[in-house]
Every structure is written in structure tokens, then in C-alpha cells.
Amino acid sequence: MHPILFPSSSYITYISLIVLILCRGISGATFTLINRCEFTVWPGTLANAGSSPLDSTGFELGPGSSRVFHSSTSWSGRFWGRTGCSFDPSTGRGSCLTGDCGSGQIECN
């Protein structure tokens with residue numbers, strides 16, 4: 001058998017892995033926010049005009065915890081940290097001392 005016409009299974013596996021690696025980034029980006037502070041932060045997210053929002057626009061992130069976001073390939077926007085936040089558990093209303101988004105809620109809009 002000619003090796004070019006009938007490649008070995010290891011060759012096919014190698015090519016398949018290369019194709020998977022190259023195609024992996026096509027589905028979008030993954031962002032991981034990690035709180036390395038010794039206090040709670042409330043990250044905010046904002047999608048630019050024309051980009052769909054991520055699955056959350058604001059949330060609580062305790063010390064040492066993390067949260068993963070997956071975005072489309074066309075997503076553009078920003079993340080920022082909010083600190084000194086206080087939200088009423090029954091109404092969800094509140095504000096932050098720094099980075100407040102002005103929505104009066106954990107989620108920014």
C-alpha cells in the first residue's frame with residue numbers, strides 16, 4: 001500500500017487533533033473572572049452596541065471564587081469591579097461605593 005493514499009491511524013489522529021485545535025477558537029471566547037482580593041467584589045459587565053449581553057451583567061464574587069463567561073466571536077464589551085456594595089436581599093435594590101453602574105440593582109442595565 002502506498003503511505004500517502006492510505007495514511008496510518010496515528011497520522012489521521014494527529015491531523016484530527018490539529019484541526020480541533022485550530023477550530024476551537026471559532027466558537028467564541030471564554031472569560032474567567034477570579035476574585036483574588038480578601039473581600040467580596042461585584043463585577044459588572046457591559047456589551048458594546050451591537051453585541052448581545054453575556055448571561056449576567058452584574059453579580060457577587062466572594063474572595064477566592066471565580067465565574068466563567070462564554071461569548072460569541074463577535075462579542076465586544078467590558079468588565080469592571082465594584083466594591084463596597086450593599087443590596088437588600090428582599091428587594092434586590094442597592095448601590096456600590098466604587099464602580100456603581102447606576103441601575104440600583106446587582107445586575108447593571
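Numbers at a glance
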read-out: Under-5 Å amide H pairs with Cys85, H placed in peptide plane, nonlocal only; value: Leu97
read-out: Accessible-area composition of the stretch 26-98, carbon plus sulfur, in percent [1.4 Å probe]; value: 54
read-out: 5 angstrom amide H check on Thr57, placed H, neighbours 5+ away; value: Cys108
read-out: Under Karplus coefficients 6.51, -1.76 and 1.60, residue-wise ³J(HN,Hα) of the stretch 71-82 in Hz, glycine/proline x; value: 10, 6, 5, 8, 5, 9, x, 8, 10, 8, x, 10
read-out: Positive minus negative residues near Thr83 (Lys, Arg vs Asp, Glu; Cβ under 14 Å); value: -1
read-out: Accessible surface, the stretch 26-98, averaged per residue in Å² (probe 1.4 Å); value: 61
read-out: Accessible heavy-atom area order of Asp55, Asp88, highest first, probe of 1.4 Å; value: Asp55, Asp88
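The values are calculated or read from the model by the stated rules, or taken from the named source; none is laboratory data. Not measured: the values here are computed from a predicted model. No Cβ is skipped: glycine too gets one built from the backbone with ideal geometry, and neighbour counts run over all protein chains shown. These area figures cover heavy atoms from the full protein model, side chains too; ligands, DNA and RNA do not enter into them. Shrake-Rupley method; radii C 1.70, N 1.55, O 1.52, S 1.80 Å.
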